[in-house]
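Remarks on the structure that follows.
The values are calculated or read from the model by the stated rules, or taken from the named source; none is laboratory data. These numbers were taken from a predicted model, which means no experiment stands behind them. All Cβ positions, glycine included, derive from the backbone under ideal geometry; neighbour counts span all protein chains shown.
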Amino acid sequence: MAKTVLDMSMSVDGYIADPDDYLGGEDGERLHKWADADKEPVRHFVAEWTAAGAVVAGRRTAELMDHWGGDHDGLPIFVPSHRPPGPAARWGYPLVTYVSDGIESAMAQAKDAAQGRDVQVRGAYTGRRALEAGVLDEIQIHVVPVLLGRGHRLFDVLPSELELEIVRVIDTPEATHIRYLVRY
C-alpha cells in the first residue's frame, strides 16, 4: 500500500538547517554527509527514494533546490502554495505542479500520480501541515550526531500531541535512521 513519508535529516537538537538555510558544517552540507557513504543502509534509502512515485515539497524547499531542475530524479513534484509559481516552475518545468487548494489536495494529486508507489514529502513546513491535516503516514528521520544549536527546527510548533510507532531503526556511525508510523 502506498504511503506518504516525510523524510528528513536532522541534528540531535532538532535542527534541519542553520539560520541561513545551510545544512550545517563549513560546506553547508553536514546534515547530508551520511548519504555520501557507499554502505548498505545508504543504498537501502536510495532504493526507497527511487521507488517512490511522486514528491510533495514545500515551496521554500522547492525554490531553494531550484525544483530539482524540474523533476525529482524523474518524479513529478507537487508544491502546495497560495502564490503562483515563478517563471521556471510555470514554463520550464513540466513535472512541477503548484497546488493552490491546500495540502490535502497536493497529497491526493501526488498519490494519484504515484500510481500505487510511495509519496516522498520534503520540507519541514509541509511535513507539519500534512501532520496537521492527517495526511502523513510515516516519518523517517536521519538523526546526525551533531548539535547545530540554532536554525530551523523540524517540529517547531504542532497543533497537538501525536503518537508515533517505531517501525524501524538503523544505526550507523554517520546517523541513526528512525522510521515512525503516525498514529492519528
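For the subset of the range 60-111 comprising residues that are of a type in the set (S, T, N, Q) and part of a helix (DSSP H, G or I), which member is farthest from V46 (Cα to Cα)? Looking at residues that are of a type in the set (S, T, N, Q) and part of a helix (DSSP H, G or I), I get S105.
Give G134, G149, G116, G123 a once-over and let me know the one that is in contact (Cβ under 8 Å) with a residue 60 or more places away in the chain, within 29 Å of P76 (Cβ to Cβ) and surrounded by fewer than 17 Cβ atoms within 10 Å (Cβ to Cβ).
On the way: G134 fails: in contact (Cβ under 8 Å) with a residue 60 or more places away in the chain; G149 fails: within 29 Å of P76 (Cβ to Cβ); G123 fails: surrounded by fewer than 17 Cβ atoms within 10 Å (Cβ to Cβ).
Being in contact (Cβ under 8 Å) with a residue 60 or more places away in the chain, within 29 Å of P76 (Cβ to Cβ) and surrounded by fewer than 17 Cβ atoms within 10 Å (Cβ to Cβ) holds for just one of G134, G149, G116, G123, which is G116.
The set of residues in the range 93-111 being crowded, with 16+ Cβ neighbours inside 10 Å and modelled with pLDDT under 95 consists of Y93, L95, V96, T97, Y98.
Restricting the search to the range 15-57, which residues are touching a Gly at 6+ places or on another chain (Cβ under 6 Å) and either surrounded by fewer than 18 Cβ atoms within 10 Å (Cβ to Cβ) or modelled with pLDDT of 85 or more (or both)?
Of the residues in the range 15-57, the ones touching a Gly at 6+ places or on another chain (Cβ under 6 Å) are 15, 17-19, 22, 30-31, 57.
Once the filter is applied, which keeps residues that are touching a Gly at 6+ places or on another chain (Cβ under 6 Å) and either surrounded by fewer than 18 Cβ atoms within 10 Å (Cβ to Cβ) or modelled with pLDDT of 85 or more (or both), the range 15-57 yields Y15, A17, P19, Y22, R30, L31, A57.
Per the listing R60, R90, the residue uniquely in contact with a Pro (Cβ under 8 Å, 6 or more places away or on another chain), among the charged types (D, E, K, R) and either over 23 Å from H152 (Cβ atoms) or surrounded by fewer than 20 Cβ atoms within 10 Å (Cβ to Cβ) (or both) is R90.
Taken over the range 112-163, the criterion of being modelled with pLDDT of 95 or more, small (G, A, S) and either farther than 17 Å from L31 by Cβ or in a strand (DSSP E or B) (or both) is satisfied by A113, A114, G116, A130, A133, G134.
The number of residues in the range 26-59 that are without any contact (Cβ under 8 Å) to a residue 60 or more places away in the chain and in a loop (DSSP other than H, G, I, E, B) comes to 5.
Among the residues of the range 165-181, is there at least one that is without any contact (Cβ under 8 Å) to a residue 12 or more places away in the chain, surrounded by fewer than 14 Cβ atoms within 10 Å (Cβ to Cβ) and β-branched (V, I, T)? Within the range 165-181 (the criterion being without any contact (Cβ under 8 Å) to a residue 12 or more places away in the chain, surrounded by fewer than 14 Cβ atoms within 10 Å (Cβ to Cβ) and β-branched (V, I, T)), the answer is yes, since at least one residue qualifies.
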